[in-house]
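**Q** Here's a structure for you.
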Amino acid sequence: MKIFLDTANLAEIKETASLGLLDGVTTNPSLVAREKKPFKELLLEICAIVNGPVSAEVVSLDLEGMLKEARKLHKLNPNIVCKIPMTGDGLKAVKILEQEGARCNVTLVFSPLQALLAARVGASFVSPFIGRLDDIGQRGMELIEQLMLIWENYNFETEIIVASVRNPIHVVEAAMTGAHIVTVPFKVLEQFTKHPLTDLGIERFAADWKKAGIEFNL
Ligand code: E4P
């Protein structure tokens, strides 16, 4: 399973890249707004760090506006994936852009049929939002399970990005479904490495070593 970082924060992206764990980045207008940097400058800096797809979202909602913005994004850097909202005009835009060679990520997907449509118009990626479904009392992971089954039936090339991830359990469950990609906030990624028994184990080994007075002489 590929790991993307769901952020527009350069420090978080650099840290994850240095761990050798960064397969891509997803941003959205809310994440970009937090960074207080000109959009173009921010995207170019992200692309300079990430050796993989960087999703950047259009903000227009009409077909012409989406196409105009997405073409500019595509021209900026070949790693940029145009993030397009799941609407009728969005689907039309995806079909045109993918034919032109611009990769698209259909975002704000909450149902199997929305995902199916994104795959049918040839989107490179589709982003089902599981945390936001959990928030309204619907089990988000069920959507991923349904999609993996549908994908098996039809061999779609569209990669499923499990999005709106809120905790490590989401990531484990996503991996168990065989989902292609998970995009995680930095806070959640940091939790992956941590376990209280690991910390305790390190402390005990160090204490025993010190008590015995052994030198690390090889
Ligand atoms: C995905 O591409 C989105 O940026 C993101 O996962 C949204 O997550 P949220 O529901 O935590 O805002």
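**Q** Scan the range 148-164 and give yes if some residue there is modelled with pLDDT under 95 and either β-branched (Val, Ile, Thr) or touching a Cys at 6+ places or on another chain (Cβ under 8 Å) (or both), otherwise no.
**A** no
**Q** Condition (residue is of a type in the set (Val, Ile, Thr), surrounded by fewer than 23 Cβ atoms within 10 Å (Cβ to Cβ) and part of a loop (DSSP other than H, G, I, E, B)) applied to the range 67-87: is it met by at least one residue?
**A** Yes; the residues of the range 67-87 include at least one that is of a type in the set (Val, Ile, Thr), surrounded by fewer than 23 Cβ atoms within 10 Å (Cβ to Cβ) and part of a loop (DSSP other than H, G, I, E, B).
**Q** Restricting the search to the range 176-217, which residues are among the hydrophobic types (A, V, I, L, M, F, W, C) and open to solvent by less than 50 Å² (accessible area, probe 1.4 Å)?
**A** Answer for the range 176-217, where residues must be among the hydrophobic types (A, V, I, L, M, F, W, C) and open to solvent by less than 50 Å² (accessible area, probe 1.4 Å): 179, 181, 182, 184, 186, 188, 189.
**Q** Scanning for something open to solvent by 30 Å² or more (accessible area, probe 1.4 Å), more than 16 Å from the ligand (Cβ to nearest atom) and not acidic (Asp, Glu), does the range 100-109 turn up at least one residue?
**A** Yes: one or more hits.
**Q** Do you know which of the residues in the range 126-159 that are among the small types (Gly, Ala, Ser) and surrounded by 15 or more Cβ atoms within 10 Å (Cβ to Cβ) is farthest from the ligand (Cβ to nearest atom)?
**A** 140
**Q** Could you figure out which of (1) touching a Gly at 6+ places or on another chain (Cβ under 8 Å); (2) crowded, with 18+ Cβ neighbours inside 10 Å; (3) of a type outside the set (Phe, Trp, Tyr) isn't true of residue 123?
**A** The number of the failed condition is (1).
The values are calculated or read from the model by the stated rules, or taken from the named source; none is laboratory data. Remember, it's a predicted structure, so these values are computed and weren't measured experimentally. All Cβ positions, glycine included, derive from the backbone under ideal geometry; neighbour counts span all protein chains shown. Note: areas computed on protein heavy atoms with side chains; ligands, DNA, RNA excluded. Shrake-Rupley method; radii C 1.70, N 1.55, O 1.52, S 1.80 Å.
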